[in-house]
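The values are calculated or read from the model by the stated rules, or taken from the named source; none is laboratory data. Nothing here was measured: the structure is a model prediction, and the numbers come from that model. Cβ placement follows ideal geometry from the backbone for every residue including glycine, while neighbour counts extend to all protein chains displayed. When the accessible area is computed, the model is the full protein with side chains, heavy atoms only, and any ligands, DNA or RNA have been set aside. Shrake-Rupley method; radii C 1.70, N 1.55, O 1.52, S 1.80 Å.
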Amino acid sequence: MKLYRINKLTGPGGAVVKKKDVLAASDREAVQRAADSEDCPVCDVLKDGQSVGSVT
């Protein structure tokens with residue numbers, strides 16, 4: 001399992017409103033968990049400070 005950070009944004013390219021750390025087996029799983037979250041209409045998913053995906 002790897003640690004990922006999900007940043008909830010005000011809009012695409014917007015300011016970070018909320019941060020959440022999650023554990024996932026892969027980048028794809030982390031992005032899917034963000035997409036499934038009711039908390040993330042617009043989110044960026046980061047691993048080690050690098051973007052691995054986003055939800056819009």
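Quick notes
- Within region 36-56, being touching a strand residue (DSSP E or B) at 6+ places or on another chain (Cβ under 7 Å) and exposed (fewer than 15 other Cβ atoms within 10 Å of the Cβ) holds for D39, S51.
- Scope region 36-51; condition in a strand (DSSP E or B) and farther than 10 Å from N7 by Cβ; matching residues: K47, Q50
- Residues satisfying the stated conditions in region 4-35, i.e. closer than 17 Å to Q50 by Cβ and in a loop (DSSP other than H, G, I, E, B): G13, S26
- Residue match in region 17-30 (condition: open to solvent by less than 60 Å² (accessible area, probe 1.4 Å), basic (K, R) and in contact with a Lys or Arg (Cβ under 8 Å, 6 or more places away or on another chain)): no
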